[in-house]
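J.: Once you've had a glance at the structure underneath, I'll fire off some questions.
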Amino acid sequence: MRAYFRAFPICLVVLAMAALSAPAGAAETLRVGKAVPFAWTFTPVDVGDLKGKRIGVTTVGSLTDWIGKRIGVLKGWGPRGIDIVAIGGMEPARAAMKTNQIDGYIASLESGYTLEEAKEWRVLTTATPFVDHFITHVIFAREEVIEKRPQAVRAFLQAWFDTIAFMKANKAKTVDITAKVLNLSPAVIGRAYDEEVGIFSDDGVFDAKAVAALKQSFIEMGLLKEIPDDKVMFTTQFVPVKAGM
């Protein structure tokens, strides 16, 4: 599957259903899926300087698993400097925390802020100090859609980047909408907005350093044996995209 995406520090763009207008002016609907239903973006966050501690992650081989191991490596503790526990999603993680099965959990920023607001957890750090350039946000489409409906793909991307431009220029409205969509408090979403809105790409152009870091992560996690070529990972057919055009 070809993908077109943009590198961001650490987060995952969520996509909603969108009705797009083709350049010819005829209305056309393109189905776009949400990667997860609960994250404004998916920034691993609830981690700290916790040598030898048990830190929960979603699954083995996941982004959160890689982040946990990377913290240990960058701190000089080695990949096993932190005891990584594949615990699953937020609910089992909360239960494991309460029963002292884990000492921390790598989760989305807004999840951490929500539990901090409830005085249940405390956010220690974002993942940014441990991962500078990386790709976690992706927008992808089936080869068939790319081949047969390229104008629909371009129309979606144009609408996407127009929306990003609006979000960056209109914090209050963006917070109001996304707080209702995610059923979280405006205070939590406002904090997430301040931390994360700047990481959204304005044009979809690839960050070469982030692509290189992503490729290396595949090797480090044992997902691939060789560094993959760009052409098998993504296409630049649809970028850059300029908002307002």
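J.: I need a count of the residues in region 172-218 that are closer than 30 Å to Thr236 by Cβ and of a type in the set (Lys, Arg).
T.: 2
J.: Please specify each residue of region 207-245 satisfying the condition of being β-branched (Val, Ile, Thr) and touching a Gly at 6+ places or on another chain (Cβ under 7 Å). Write out each step before concluding.
T.: Of all residues in region 207-245, those β-branched (Val, Ile, Thr) come to 211, 219, 227, 232, 235-236, 239, 241.
Once the filter is applied, which keeps residues that are β-branched (Val, Ile, Thr) and touching a Gly at 6+ places or on another chain (Cβ under 7 Å), region 207-245 yields Val239, Val241.
J.: Just checking, how many residues over region 108-130 are open to solvent by less than 10 Å² (accessible area, probe 1.4 Å) and touching a strand residue (DSSP E or B) at 6+ places or on another chain (Cβ under 8 Å)? Steps first, answer last, please.
T.: Here is the first cut: in region 108-130, the residues open to solvent by less than 10 Å² (accessible area, probe 1.4 Å) are 108-110, 112, 127.
Among the residues that remain, those that are also touching a strand residue (DSSP E or B) at 6+ places or on another chain (Cβ under 8 Å) are: 112.
So the count comes out to 1.
J.: Starting from region 218-234, take each residue that is on the phi > 0 side of the Ramachandran plot and list its partners that are open to solvent by less than 60 Å² (accessible area, probe 1.4 Å), counting only C-beta distances under 9 angstrom and pairs at least six apart or across chains.
T.: These pairs meet every condition: Gly222/Gly61.
J.: Another question about this same structure. Given (1) of a type outside the set (Ser, Thr, Tyr); (2) open to solvent by less than 50 Å² (accessible area, probe 1.4 Å); (3) under 30 Å from Lys148 (Cβ atoms); (4) free of Cβ contacts under 8 Å to residues at least 12 places away in the same chain, where does Ala243 come up short, assuming only one miss?
T.: Exception for Ala243: condition (4).
J.: Can you tell me which residues in region 54-70 are part of a helix (DSSP H, G or I), touching a strand residue (DSSP E or B) at 6+ places or on another chain (Cβ under 6 Å) and not charged (D, E, K, R)? Write out each step before concluding.
T.: Step one: filter region 54-70 for residues part of a helix (DSSP H, G or I), giving 63-70.
If we keep only those that are touching a strand residue (DSSP E or B) at 6+ places or on another chain (Cβ under 6 Å) as well, we get 64-65, 68.
Answer for region 54-70, where residues must be part of a helix (DSSP H, G or I), touching a strand residue (DSSP E or B) at 6+ places or on another chain (Cβ under 6 Å) and not charged (D, E, K, R): Thr64, Gly68.
J.: Mind checking which residues of region 71-101 are touching a helix residue (DSSP H, G or I) at 6+ places or on another chain (Cβ under 8 Å), surrounded by 21 or more Cβ atoms within 10 Å (Cβ to Cβ) and either touching a residue at least 60 places away in the same chain (Cβ under 8 Å) or outside any strand (DSSP E or B) (or both)?
T.: Ile82, Ile87 - these are the residues of region 71-101 that are touching a helix residue (DSSP H, G or I) at 6+ places or on another chain (Cβ under 8 Å), surrounded by 21 or more Cβ atoms within 10 Å (Cβ to Cβ) and either touching a residue at least 60 places away in the same chain (Cβ under 8 Å) or outside any strand (DSSP E or B) (or both).
J.: Okay, next question. For the structure I just gave you, tell me whether Thr114 is touching a residue at least 40 places away in the same chain (Cβ under 8 Å) and of a type in the set (Val, Ile, Thr). Please lay out each step first, then the result.
T.: On the way: touching a residue at least 40 places away in the same chain (Cβ under 8 Å): yes; of a type in the set (Val, Ile, Thr): yes.
When the stated conditions are applied, Thr114 passes them.
J.: Sticking with this structure for a sec: May I ask you to verify whether Thr58 is touching a helix residue (DSSP H, G or I) at 6+ places or on another chain (Cβ under 9 Å), at pLDDT 85 or above and under 26 Å from Val197 (Cα atoms)? Full working, then the answer.
T.: Numbers: touching a helix residue (DSSP H, G or I) at 6+ places or on another chain (Cβ under 9 Å): yes; at pLDDT 85 or above: yes; under 26 Å from Val197 (Cα atoms): yes.
Spelling it out, Thr58 is indeed touching a helix residue (DSSP H, G or I) at 6+ places or on another chain (Cβ under 9 Å), at pLDDT 85 or above and under 26 Å from Val197 (Cα atoms).
The values are calculated or read from the model by the stated rules, or taken from the named source; none is laboratory data. Computed from a prediction, not measured in an experiment: that's the story for all the values here. Methodologically, a virtual Cβ is constructed for each residue, glycine included, from the backbone with ideal geometry; neighbour enumeration extends over all protein chains shown. Only protein heavy atoms, including side chains, enter the accessible area calculation; ligands, DNA and RNA are left aside. Shrake-Rupley method; radii C 1.70, N 1.55, O 1.52, S 1.80 Å.
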